[in-house]
Amino acid sequence: MTHHRILPRLIVPDPDRASAYYRDALGAEEVFRALGDDGRPTVVEHRLAGSSFRVSPAVPAWGWLSPDDLGGSAVLMEIEVDDPDGTGARMTADGAEVAVPIENRPYGKRSGRIRDPFGHLWIITGEPR
């Protein structure tokens with residue numbers, strides 16, 4: 001059997017700042033970091049509840065554009081958590097903004113959307129209360 005993994009890579013203006021944000025707001029654990037010749041990170045991998053994602057700096061010459069460069073987030077990140085309200089509160093306390101309030105939805109989940117400080121949209125979802 002062939003091993004496959006999909007690793008979303010979020011393009012951000014400042015990978016160090018983004019890594020600290022995802023650690024503090026979501027509890028993501030940094031598991032890998034590669035530095036460029038200038039000593040700045042080119043990729044930082046995070047593990048969060050058994051899944052992984054990466055952050056890298058915006059480099060327009062390579063076609064790596066942040067949501068601000070694109071005029072919005074091209075991908076929705078979705079995270080299922082035990083406490084959607086608490087997760088949303090931590091994210092907004094650390095600089096994110098509410099795009100869609102977290103509330104009970106008619107499809108049986110409690111969810112909403114948060115735009116992180118780097119422009120990426122996260123659907124925060126969990127069981128209704």
Enumeration of residues in the stretch 16-39 that are under 13 Å from residue 55 (Cα atoms) and in a helix (DSSP H, G or I): 16, 17, 18, 19, 20, 21, 22, 23
Can you name every residue in the stretch 17-31 that is in contact with a Lys or Arg (Cβ under 8 Å, 6 or more places away or on another chain) and surrounded by fewer than 19 Cβ atoms within 10 Å (Cβ to Cβ)? 24, 29, 30, 31
Residues in the stretch 94-129 that are more than 25 Å from residue 57 (Cβ to Cβ) and not in a strand (DSSP E or B) total 8
Kindly establish whether residue 5 is open to solvent by 50 Å² or more (accessible area, probe 1.4 Å), assigned to a helix (DSSP H, G or I) and among the basic types (Lys, Arg). no
For residues in the stretch 37-68 being of a type in the set (Asp, Glu) and without any contact (Cβ under 8 Å) to a residue 12 or more places away in the chain, which is most open to solvent (accessible area, probe 1.4 Å)? 37
Filtered residues of the stretch 69-91 (kept if closer than 10 Å to residue 11 by Cβ and either over 16 Å from the mean Cα position of the chain (by Cα) or modelled with pLDDT of 95 or more (or both)): 69, 70
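The values are calculated or read from the model by the stated rules, or taken from the named source; none is laboratory data. Given the structure is predicted, the values throughout are model-derived calculations rather than measurements. Cβ sites come from the backbone with ideal geometry, for glycine too, and all protein chains shown count toward neighbours. Heads up: the accessible areas ignore ligands, DNA and RNA and are worked out on the full protein's heavy atoms, side chains in. Shrake-Rupley method; radii C 1.70, N 1.55, O 1.52, S 1.80 Å.
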